[in-house]
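Report on one structure; see the data block that follows.
The values are calculated or read from the model by the stated rules, or taken from the named source; none is laboratory data. Note that the coordinates shown come from a computational prediction; the quantities given were computed from them, not determined experimentally. All Cβ positions, glycine included, derive from the backbone under ideal geometry; neighbour counts span all protein chains shown.
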Amino acid sequence: MLQGHFILLFFVLINSCVYCQLYQGYAEEESIHGNQRSSPKGYFGKSWRRQVLDGDSEVPIVTNNTVSPTSLTGTSSADLEHAGKRDGKFFSLFTVVKFANDDCATAANENGTCYSAAECSARGGVSSGACAGGFGVCCTFSYTCGQTTYQNSSYFSNLNYPSSYDGTGSCQLTVNKVSSNVCQLRLDFFVMVLVQPETNDSNCNRDQFIVTGGSRVPAICGTNNGQHMYVETGLLGNSPITLTVVTSGTGFARQWRIKVTQMNCDSIGRAPNGCLQYYTGVSGTIRSFNYDGTSGRQLSNQDYSICIRTESNFCSIAYSVCTGGVYSITGPTGGSATAQGTPIGALVGSTTCNTDWLTIPCASDNGRAIQRGNTVCQDRLCGDAFASVVQATSGTVITSVRPFQVTVHFDAFEAIVPTSVTNVQGQFNNRGFCLSYIQQPCTS
């Protein structure tokens, strides 16, 4: 009768997709006390049970789950006694846990990818901390000069990071797509400290960070910790993207660590086409490159767009200068030497803002096409105060034009000191911008 139960249970397990294989049982050992027995194992032998968690990594786990003959319902006491007299064999279960290769946080509070320990090692990564409920490890891939990556969530650092680098050279990382479904790279500058731009034209002539092989990206230098960029990789082929840090001269402690994330074409985190920077959330902060409000200078030759995702049930957006921040963008050319450092206030319009400007479509002080005072909304803003009307102080700028976007245009001349008695006032000591934004809910 017991044999019949075993046959029935065998077919139930097969039909339930539980993987079983016949295995020799283990003899039960007597304990030293004589009245206890060691944990019985292996009634039917080894078997495997698969738990699918939607991912790519698998880890076999020995579980404590067992199936005893006494758990079989309908078994007679005689059969149980007979089973007990046998070698105490049990049914041992093994679990193969499958989990997604999602982002994770390392013990050093950096972002990594969740892999099994064996998979992380095989890919050349370094494990730091656990993920997937302890079944995986948070794996990071670090690269430096002259190397190539085929991994997602890679880090590009200077030689001997976290030590600084002081020398002349060109440090490159070649990034290959992990799949044909990759359309963008997101570059996060966890650390980016290079030499400041030249004082006579504010170009990045000594140090530069350059991206080649993808969409056009302006060269940057100076301090850009916490900034980011999106780079279009193209839909066809697997042309690599090259990240290059060019350094010139000694006497400066340079340091960089850049996270490289590959974005799938269908990813919800993908930036809209043409957006060098992309922000999400109802509120946040946007800054020009090399902004720090004190010593950082507005970089020259900058043309790019900053995009902000329109959140659900929000119809407009309000911008204002960051608390304790600075807004200083070139005004009109001309003036005289006596105008050096003289505040020029908020300036608007294409006639006045003709060298450097921010474009915010139909910017106004009330979110409407006609502002207070019956002036029309403006697109171009510049000066050393932030407002949509000509005034001495900064205010709040609102637009209802969606998608929300700020376009940055800085020309080739951003001198910190005047080079002539003309072209002085607007070009003197510009710091760039730091703007806070908050989306406004729809009212109807």
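For this structure, a couple of remarks:
- For the criterion of being surrounded by 13 or more Cβ atoms within 10 Å (Cβ to Cβ), on the phi > 0 side of the Ramachandran plot and not hydrophobic (A, V, I, L, M, F, W, C), Gly293 passes.
- Of all residues in the range 150-168, those that are modelled with pLDDT of 95 or more and in a strand (DSSP E or B) total 4.
- In the set (1) within 20 Å of Ser388 (Cβ to Cβ); (2) in contact with a Phe, Trp or Tyr (Cβ under 9 Å, 6 or more places away or on another chain); (3) modelled with pLDDT of 95 or more, Pro441 fails one condition alone, (1).
- Taking the range 217-240 as the range and being assigned to a loop (DSSP other than H, G, I, E, B) and over 24 Å from Cys434 (Cβ atoms) as the test, the residues that pass are Thr233, Gly234, Leu235, Leu236, Gly237, Asn238, Ser239, Pro240.
- Verdict on Asp303 being touching a residue at least 12 places away in the same chain (Cβ under 8 Å), surrounded by fewer than 20 Cβ atoms within 10 Å (Cβ to Cβ) and not assigned by TED's automatic domain parsing to the domain that holds Cys377: no
- All of (1) outside the structural domain of Val195 (by TED's automatic domain parsing); (2) more than 17 Å from Met192 (Cβ to Cβ) hold for Gly249 with one exception: (1).
- Considered as a group, the residues in the range 179-221 that are surrounded by fewer than 16 Cβ atoms within 10 Å (Cβ to Cβ) and among the β-branched types (Val, Ile, Thr) include one that is farthest from Thr407 (Cα to Cα), and that residue is Thr199.
- Residue within the range 101-115 that is of a type in the set (Val, Ile, Thr) and at pLDDT below 90 present: yes
- Leading residue by the ranking (modelled with the lowest pLDDT) among those in the range 74-100 that are under 27 Å from Ala130 (Cα atoms) and touching a Ser or Thr at 6+ places or on another chain (Cβ under 9 Å): Ser92
- Tallying residues that are among the small types (Gly, Ala, Ser) and surrounded by 21 or more Cβ atoms within 10 Å (Cβ to Cβ) within the range 158-178 yields 0.
- Qualifying residues in the range 327-356 (those that are modelled with pLDDT of 60 or more and among the β-branched types (Val, Ile, Thr)) - the one farthest from Gln378 (Cα to Cα): Thr342
- Candidate set from the range 129-155 (those that are hydroxyl-bearing (Ser, Thr, Tyr) and under 13 Å from Asp103 (Cα atoms)); member that is farthest from the chain's Cα centre (by Cα): Thr140
- Candidates Gly293, Gly214, Gly269, Gly274, filtered to the one that is of a type outside the set (D, E, K, R), assigned to a loop (DSSP other than H, G, I, E, B) and over 19 Å from the mean Cα position of the chain (by Cα): Gly293
- Scanning the range 344-384 for residues that are under 17 Å from Gln298 (Cα atoms) and surrounded by fewer than 20 Cβ atoms within 10 Å (Cβ to Cβ) yields a total of 2.
- Within the option set Thr280, Thr244, being out of contact with any His (no Cβ under 7 Å at 6 or more places or on another chain) and under 28 Å from Thr168 (Cα atoms) holds for one residue only, Thr244.
- From the options Ala415, Ala387, residue that is assigned to a loop (DSSP other than H, G, I, E, B), within 36 Å of the chain's Cα centre (by Cα), modelled with pLDDT of 90 or more and crowded, with 16+ Cβ neighbours inside 10 Å: Ala387
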